[in-house]
1. How many nm is it between the label spots at residue 203 and residue 156, if each spot is 7 Å from the Cα in line with the beta carbon?
2. Taking amide H positions as placed 1.01 Å from N in the peptide plane, with prolines and chain starts having none, which residues 5 or more places from residue 93, or on another chain, fall under 5 Å of its amide H?
3. In terms of Cα to Cα distance under 18 Å, which lysines are near enough to residue 53, apart from those fewer than 8 places away along the same chain?
4. Between residue 247 and residue 278, what FRET efficiency follows from the Cβ-Cβ distance if R0 is 25 Å, with the result rounded to 0.05?
5. When a/c is below 1.5 the answer is rounded, else prolate if a/b is larger than b/c, else oblate, so apply that to the stretch 25-118 with a ≥ b ≥ c taken from the square roots of the Cα gyration tensor eigenvalues.
6. What is the distance in Å between the Cα centroid of the stretch 264-300 and that of the stretch 119-195?
7. For residue 192, what accessible surface area do you get with a 1.4 Å probe? Give it in Å², rounded to 10.
8. What order do 243, 148 take when sorted by accessible area (1.4 Å probe), most exposed first?
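The values are calculated or read from the model by the stated rules, or taken from the named source; none is laboratory data. Fair warning: this is a prediction, and the values are worked out from it, not measured in the lab. Reconstructed Cβ throughout: ideal geometry from the backbone, glycine too, with neighbour counts over all protein chains shown. Just the protein is used for accessible areas: all its heavy atoms, side chains included, with ligands, DNA and RNA removed. Shrake-Rupley method; radii C 1.70, N 1.55, O 1.52, S 1.80 Å.
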Amino acid sequence: MKLNRRTLTTAIAAASLAALLPATALAQKKIVLGFSQVGAESEWRTANTESIKSAAKEAGIELKFSDAQQKQENQIKAIRSFIAQKVDVIAFSPVVESGWETVLREAKAAKIPVVLTDRSVNTKDDSLYVSFMGSDFVEEGRKAGRWLVEKMKDQKGEVNIVELQGTVGSAPAIDRKKGFEEIIKADPKFKIIRSQTGDFTRAKGKEVMEAFLKADGKKINVLYAHNDDMAIGAIQAIEEAGLKPAKDITIISIDAVKGAFEAMIAGKLNVSVECSPLLGPQLMSAVKDIKAGKPLPKRIVTEETIFPMEVAAKEFPKRKY
Ligand code: GZL
């Protein structure tokens with residue numbers, strides 16, 4: 001191909017200019033992270049979003065953030081958009097466990113590394129993501145079960161439990177149910193008499209608890225809610241039914257958000273199992289490691305504890321979410 005003099009001159013000028021660019025300018029090209037968030041369905045999610053946004057700012061990482069309003073198709077659209085924009089890394093909290101392989105293969109084909117945060121995906125091909133960082137939801141369910149077994153150890157008769165499940169098909173809903181049942185099945189006095197999704201929201205939690213109370217009111221001894229928002233909604237329904245939450249009905253929940261501490265201090269919630277949303281700093285450090293070519297563990301588990309109402313007032317001032 002014959003280059004005319006003009007093109008040749010321009011090419012040489014451009015090459016010399018690039019050579020003059022201080023290396024730091026090239027090295028300082030900002031890392032671009034595309035993040036697809038589940039939605040804004042709970043206090044936990046709001047705290048998780050805040051942690052990611054503030055940590056990206058702190059780390060000098062350019063964040064492209066998308067809120068999927070709890071719809072998988074919106075998350076898939078967002079991931080495709082990040083691929084088209086050629087971001088450096090993609091991270092997301094999958095709203096449900098299944099249906100991700102096609103879009104994750106597209107990210108792999110585009111050579112864009114993917115980090116799972118908070119919730120994981122069902123896949124046989126774990127080369128589709130670099131690392132999954134988040135809580136052990138089965139263990140959270142076990143902690144809830146162990147607390148109940150201890151609380152009811154002197155209870156002779158049946159313990160009738162109603163369960164507010166999280167979003168159908170989501171890892172936390174599946175695993176929190178699994179862990180809780182693994183523990184209570186050891187004693188036949190524990191019976192889950194009703195179980196239905198409240199989709200992790202206060203409104204739905206209240207609505208479903210109203211239906212439980214209408215059907216089984218006086219028979220209900222325990223409510224096991226997969227998150228604090230549904231528990232708080234259910235507390236409203238229990239009070240409107242003329243019953244005393246945490247006394248007439250023992251209430252166990254998960255997340256340990258501010259609203260849960262307020263309910264425990266008010267004597268309306270018995271216990272909340274911690275599930276930390278503060279994944280932002282860990283995610284940004286992982287993104288930087290990926291860009292620096294450093295290996296990451298496939299699974300990074302968040303360390304967590306449990307807060308019974310008796311310690312709520314003392315612990316509340318120390319809480320970060
Ligand atoms: C758990 C997270 C769950 C929270 C809910 O890591 O995925 O989703 O428990 C939130 O509050 O809606």
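1. My value for the distance between the label points is 4.7 nm.
2. Correct list: 36, 38, 117.
3. 30, 64, 288, 320
4. Details: r = 32 Å, r/R0 = 1.29.
So, using R0 = 25 Å, E works out to roughly 0.20.
5. Details: a/c = 2.32, a/b = 1.13, b/c = 2.07.
Because a/c hits 1.5 or more and a/b fails to exceed b/c, the stretch 25-118 counts as oblate.
6. So the two Cα centres are separated by 19 Å.
7. Rounded to the nearest 10, that gives 50 Å².
8. Details: 243 35, 148 0 Å².
From most exposed to least exposed: 243, 148.
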